[in-house]
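K.L.:
What follows is a single structure, and I will ask about it in a moment.
The values are calculated or read from the model by the stated rules, or taken from the named source; none is laboratory data. Nothing here was measured: the structure is a model prediction, and the numbers come from that model. In this analysis, Cβ positions are derived from the backbone assuming ideal geometry, glycine residues included, and neighbour counts consider all displayed protein chains. SASA here: full protein model, heavy atoms, side chains in, ligands and nucleic acids out. Shrake-Rupley method; radii C 1.70, N 1.55, O 1.52, S 1.80 Å.
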Amino acid sequence: MSTTATAIDTGHHDHDHDHPEYLQHHFVSADQQFDSAKMGIWLFLVTEVLLFSGIFVAYAVFRNWYPESFHETFSTLNIVYGFVNTCVLLTSSYTMVMAINSIQNNQVDKMVNYLFTTVALGAVFMLVKTVEYKEKYDGGIFFWLWEPHGHHYEHLANVAYASIFMKLYFVATGIHGLHVLIGMLLLLWVAWKGKEGRWSSDYYNYVEVSGLYWHLVDIIWIFLFPLLYLTS
Amino acid sequence: MAHGHSHEGGGHHIVPQSVLRNTFLALLVLTLITVGTSMFLHAVPSLGFLGIPLAILLATGKASLVVMYFMGIKYDKPINGVIAVGMVLFVVIFMVFTMMDTTTRKAFGDRFGTTTMEDAEHWKELKAREKEILEGAKKVPLTPADYQRLGAVPADTTAKQ
């Protein structure tokens, strides 16, 4: 197995210390450390998915109970915002895998650039989201606010249970947006450490696992986009 | 070090750039198809029931591409694949069992009895009472036209105006 091979390799490498600096003492080899980190993040992603599936289940239940209400309320969301943000997040996932591909080929500068691009795309996503939230807020609709007014929203005041869909929209996109924000901070840190020369093709565990997290955030949006914006 | 065995299919498999690019393009195309089908279904309301199944199918396809190629499950250790599949299974159980409950609740909206049969019996009683009340309501005069329909002439309609 590759694990044993690495253990022997590191043995040969030995001069002043008996293992590379990044290898923590409780791991047999760098490969084992890498695989453990990855599996740990996958288990964490399971808990993330269960968090979001609660929202998706609430959506399914309420949509089943009040289909007319959902149908009426859907039309107030702007498909263009949703579509643009979908493309932005998909592109950011692509730049993320390219960052990992770069560091696997030991191209540190390229990796840093791709990481900063990913963060920038995350910022674009959050900006579009903010514009969208602002429009709703001006229409009297927000997380804790339900006083629909203005020609685009006022009819919602006469739709029974209309607030359920809108509040679901805010909770779902709000928690998702929070994840995007955390992902951006994480990737900024990873990019910064990359600039300092911390990662190489031998050791890029943090780049890899932050990437996994970023892709999950993308996957959540892949489901949120059609369910919130498209299927009226 | 890791160079020696970086292509053995362990944690350090390098996915070819062409695969990554094609995955990205496929994701964009599937997004366009998702928006396209939604617009088509808006134009043809009789097929509206396909909206949710199609949207979920396309989203699942996109998510699978991300999981397989971007997250590298295709090239990864099998254990991570097992975790990913288990994750989907948990969500399906959560969703299906909740829907089994919530979609069948309405039939027994007013629960007074303790057994299903008692509920059904009580439901019948409530329905009968509801019918009585509704028919009674029709006999209550509210507008001048109601008074005429019921054969009674209101004494004070003009007085109130």
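K.L.:
Applying the selection to the range A:168-222, what residues are touching a residue at least 12 places away in the same chain (Cβ under 8 Å) and outside any helix (DSSP H, G or I)?
P.N.:
Residues satisfying the conditions are A:GLY197, A:TRP199, A:SER200, A:SER201, A:ASP202, A:TYR203, A:TYR204.
K.L.:
Going through A:SER69, A:SER36, A:SER93 one at a time, which residue ends up being in a helix (DSSP H, G or I), open to solvent by 20 Å² or more (accessible area, probe 1.4 Å) and either at pLDDT 95 or above or of a type outside the set (A, V, I, L, M, F, W, C) (or both)? Before you say what the answer is, go through the steps one by one.
P.N.:
Details: A:SER69 fails: open to solvent by 20 Å² or more (accessible area, probe 1.4 Å); A:SER93 fails: open to solvent by 20 Å² or more (accessible area, probe 1.4 Å).
Of the residues listed, the single one that is in a helix (DSSP H, G or I), open to solvent by 20 Å² or more (accessible area, probe 1.4 Å) and either at pLDDT 95 or above or of a type outside the set (A, V, I, L, M, F, W, C) (or both) is A:SER36.
K.L.:
For the subset of the range A:46-68 comprising residues that are of a type in the set (A, V, I, L, M) and more than 7 Å from every other protein chain (Cβ to nearest Cβ), which member is nearest to B:HIS13 (Cα to Cα)? Break it down into steps so the answer makes sense when it comes.
P.N.:
Applying the first criterion (of a type in the set (A, V, I, L, M)) to the range A:46-68 yields A:46, A:49-51, A:55, A:57-58, A:60-61.
Adding the requirement that they be more than 7 Å from every other protein chain (Cβ to nearest Cβ) leaves A:51, A:55, A:58.
Values: A:LEU51: 30, A:ILE55: 35, A:ALA58: 39 Å.
Among them, the one singled out is A:LEU51.
K.L.:
Let me ask something additional. If you take the residues in the range B:25-51 that are open to solvent by less than 50 Å² (accessible area, probe 1.4 Å) and out of contact with any helix residue (DSSP H, G or I) (no Cβ under 7 Å at 6 or more places or on another chain), which one is nearest to the other protein chains (Cβ to nearest Cβ)?
P.N.:
B:GLY36
K.L.:
Out of A:ILE103, A:ILE79, report the one residue that is more than 30 Å from B:SER38 (Cα to Cα) and either of a type outside the set (Gly, Ala, Ser) or open to solvent by 60 Å² or more (accessible area, probe 1.4 Å) (or both). Let's see the steps before the verdict.
P.N.:
Values: A:ILE79 fails: more than 30 Å from B:SER38 (Cα to Cα).
The unique qualifying residue is A:ILE103.
K.L.:
Which members of the range A:164-182 meet the condition of being modelled with pLDDT under 95 and within 10 Å of the chain's Cα centre (by Cα)?
P.N.:
The answer is none; no residue qualifies.
K.L.:
Which of (1) surrounded by fewer than 17 Cβ atoms within 10 Å (Cβ to Cβ); (2) of a type in the set (Ser, Thr, Tyr); (3) touching a residue at least 40 places away in the same chain (Cβ under 8 Å) does A:THR86 not meet, given it meets every other one?
P.N.:
Result: A:THR86 passes all but (1).
K.L.:
Considering only the range A:149-163, I want to know if a residue exists there that is under 25 Å from the mean Cα position of the chain (by Cα) and over 30 Å from A:TYR22 (Cβ atoms). Talk me through it step by step, then tell me what you get.
P.N.:
Kept after step one, since they are under 25 Å from the mean Cα position of the chain (by Cα), are these residues of the range A:149-163: none.
Scanning the range A:149-163, I find no residue that is under 25 Å from the mean Cα position of the chain (by Cα) and over 30 Å from A:TYR22 (Cβ atoms), so the answer is no.
K.L.:
Give the residues of the range B:39-65 that are over 20 Å from A:ASN64 (Cβ atoms), free of Cβ contacts under 8 Å to residues at least 40 places away in the same chain and in a helix (DSSP H, G or I), sorted by residue number. Lay out the reasoning, then the answer.
P.N.:
To start, the set of residues in the range B:39-65 that are over 20 Å from A:ASN64 (Cβ atoms) comprises B:39-40, B:42-44, B:46, B:58, B:61-65.
Still in the running and free of Cβ contacts under 8 Å to residues at least 40 places away in the same chain: B:39-40, B:42-44, B:46, B:58, B:61-64.
Scanning the range B:39-65 gives B:MET39, B:PHE40, B:HIS42, B:ALA43, B:SER46, B:LEU58, B:GLY61, B:LYS62, B:ALA63, B:SER64.
Condition check ((1) open to solvent by less than 20 Å² (accessible area, probe 1.4 Å); (2) at pLDDT below 95; (3) over 30 Å from A:GLN104 (Cα atoms)) across all residues:
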residue: A:HIS149; (1), (2), (3): no, yes, yes
residue: A:HIS152; (1), (2), (3): no, yes, yes
residue: A:HIS155; (1), (2), (3): no, yes, yes
residue: A:ASN158; (1), (2), (3): no, yes, yes
residue: A:LEU185; (1), (2), (3): no, no, no
residue: A:GLU196; (1), (2), (3): no, yes, no
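K.L.:
Scan the range A:91-146 for residues that are touching a residue at least 12 places away in the same chain (Cβ under 8 Å), closer than 18 Å to A:VAL209 by Cα and not polar (S, T, N, Q) and report the count.
P.N.:
Of the residues in that region, 14 qualify.
K.L.:
On the given criteria, is A:LEU77 modelled with pLDDT of 85 or more and either more than 8 Å from chain B (Cβ to nearest Cβ) or not in a helix (DSSP H, G or I) (or both)? If you could, list the steps in order and put the result at the bottom.
P.N.:
Numbers: modelled with pLDDT of 85 or more: yes; either more than 8 Å from chain B (Cβ to nearest Cβ) or not in a helix (DSSP H, G or I) (or both): yes.
Yes, satisfied.
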